[in-house]
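A short worksheet on the structure shown next.
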Amino acid sequence: MSVLDYESPRKTLGFLRRELAPKGRLMTPFNVISVLIMISTVVILVVRFAFGLGAVTNLDQRFPWGLWIGFDVVAGVALAGGAYVVTFLVYILRLEDYRPVVRVTVLNGFLAYLFYAGALVLDLGRPWNVINPIIGNSFGLTSVLFLVAWHFLLYMTAELIEFSPVVAEWLGWRRIHRILSAMTVGAVVVGITLSTLHQSGLGALYLMAKPKIHPLWYSELIPLLFFVSSIFAGLAMVIVEGSLSHRIFEDRVGSKLRRSHDDILLGLARIAGGTMFVFLFLEGLKVVHGQLWHEIRSGWGAWYLLEVLGLIAFPMALLLYGGIRGKLIAVRTGAALALAGVILNRLNISVIAFRWNEPFHYAPTWMEYVVTAGILCAEIWVFRWVVRRMPVLGRRPEWARHRDLHDVDLEPHREIA
């Protein structure tokens, strides 16, 4: 019987009441601080939509894209790359060892795209025009932004389909679960294709800004560099998020994930480290073929070396060492530093080293920082709500586990009658 019994409205209301009720303590430091940040975000956004971007940001015609695009979109999409990488490992390469983290990774990727797309709307001077690529008004068929917009929309749809069997298990919809599960592989193939294209497509945007980006960060290889960096950034995010979730949501972790968690992190660390080596090789090609040695000796060169050596090469060494020797501390440290490196790289291209030679440079206002923090807090709240209620980390209903032969999580999930 379905958890949502349409013949018994009382049972349905009881189920929804229990699921919507808070789980755990409300007055925690994170809850209090994050709620204050989100309330402040709402107030700032009211001002933004009432009086325009200039009322809350330092954006202008010279610097039309700032923190909300540079961090929330350009960097954030890279951090969400773990979904297409892990699904590729499991569904295409058939590496079943990584299956226990597929659901939580897809959830993280879907929420990241959902909230970062929302951040994109905040940054638009005329946000109501965001619907144009969908309804066919002023189609820019040769525009990279048109390509990225459609890829975002279709990829979020694919990820929603990939995650939908989890929702069906939560609600007890057995027949619908069978249909949605049959659609998963097709959605994964479409999602991987779309993600590889728009990850590089974001980099292709900056091919048109050669005079505006510092030579150390501009290259014809930017699309390829964006794609490669999204692979190790996504895996690093899976390592960091997985380590935190394993501890915070320990009561929700299934037996299969609990047994294999450490081995999964070590395997992902080796893959991420190898991908970072490819990224460093491409960066070397950029410097050699661009004859940028004189730029490295400048002040901007020191900043570039901090990014490449301190936040790419060093984390790569930690990830490879930890992954090969089984040192989880090195793996987690390397993953955190790798995330910082990708964020700094994307911010350098889109904000910091953009129009680097201008006498007056863009700097975010405190309100831009608050809105960015508010978006992250809202995403964490939704992620936490879903994980605490749905079988994301294991503990699936028995009927669903018997249907999938690859799933050997023997810990039962108690259905709500």
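Only the coordinates and a few stated rules stand behind these numbers; no lab work does. Remember, it's a predicted structure, so these values are computed and weren't measured experimentally. Here the Cβ positions follow ideal geometry from the backbone for every residue, glycine too, while neighbour counts run over all protein chains shown.
So I have (i) 34.4; (ii) 29.0; (iii) 22.1, and one of them is mean projected area of the Cα convex hull in nm² calculated from this model. Which one is it? After the calculation, the listed value that fits is (iii).
A straight Cα-to-Cα reach below 23 Å connects Lys256 with the lysines Lys327, residues fewer than 8 places away in its own chain not being considered. Ranked by the mean number of other Cβ atoms within 10 Å per residue, highest first, peptides 15-28, 363-376 order as 363-376, 15-28. For the chain, the longest principal axis of the C-alpha atoms and the axis of helix 9-20 are separated by about 40°.
So what's the back-of-envelope 222 nm ellipticity for the chain, counting only DSSP H runs of four-plus at -39500 (n - 2.57) apiece and dividing by all residues, rounded to 500? Only helices count here, giving -21000 deg cm²/dmol.
Local charge sum around Tyr84 (other residues, Cβ-Cβ under 13 Å, Lys/Arg +1, Asp/Glu -1)?
Overall, the nearby charge balance is -2.
The peptide list 86-92, 179-185, 211-217, put in order of mean Cβ contacts within 10 Å with the highest first, becomes 86-92, 211-217, 179-185. Taking a straight Cα-Cα cut-off under 21 Å and skipping sequence neighbours fewer than 8 places away in the same chain, the lysines within cross-link reach of Lys210 are Lys286. Projecting the Cα atoms of Thr28, Ser229, Leu197 onto the charge dipole of the chain (Cβ charges, centred on the Cα centre) puts Thr28 farthest toward the positive pole. Of the peptides 389-396, 239-246, the ranking by mean beta-carbon count within 10 Å, highest at the top, reads 389-396, 239-246. Once backbone amide H atoms are built at 1.01 Å from N, Asn58 has Thr365 as its partners under 5 Å, excluding neighbours fewer than 5 places away on the same chain. Spacing of the modelled spin labels on Trp381 and Ile33, each 7 Å from Cα toward Cβ, amounts to 1.6 nm.
Spin-label pair Lys210-Trp366: with each label point 7 Å from Cα along the Cα-Cβ axis, the two points sit 4.3 nm from one another. The alpha-carbon of Lys11 sits under 27 angstrom from the alpha-carbons of these lysines, leaving out residues fewer than 8 places away in its chain: Lys23. Seen from Trp303, the other residues with C-beta closer than 15 Å to its C-beta sum to a net charge of -1, counting Lys and Arg as +1 and Asp and Glu as -1. When the charge dipole of the chain is built from unit charges on Cβ atoms (+1 for Lys and Arg, -1 for Asp and Glu) and taken about the Cα centre, the candidate among Phe277, Thr142, His289 whose Cα reaches farthest toward its positive end is Phe277. All other residues whose Cβ lies under 15 angstrom from that of Pro223 are scored, Lys and Arg at +1 and Asp and Glu at -1, for a net of +1. Between the amide H of Ile213 and those of Arg355, distances stay under 5 Å, these residues lying 5 or more places away or on another chain, with hydrogens modeled in the peptide plane. For the stretch 71-181, the orientation-averaged shadow of the C-alpha convex hull comes to 8.8 nm² (one quarter of the hull surface). The charge dipole of the chain, taken about its Cα centre with unit charges on the Cβ of Lys, Arg, Asp and Glu (plus for the first two, minus for the last two), comes to roughly 760 debye.
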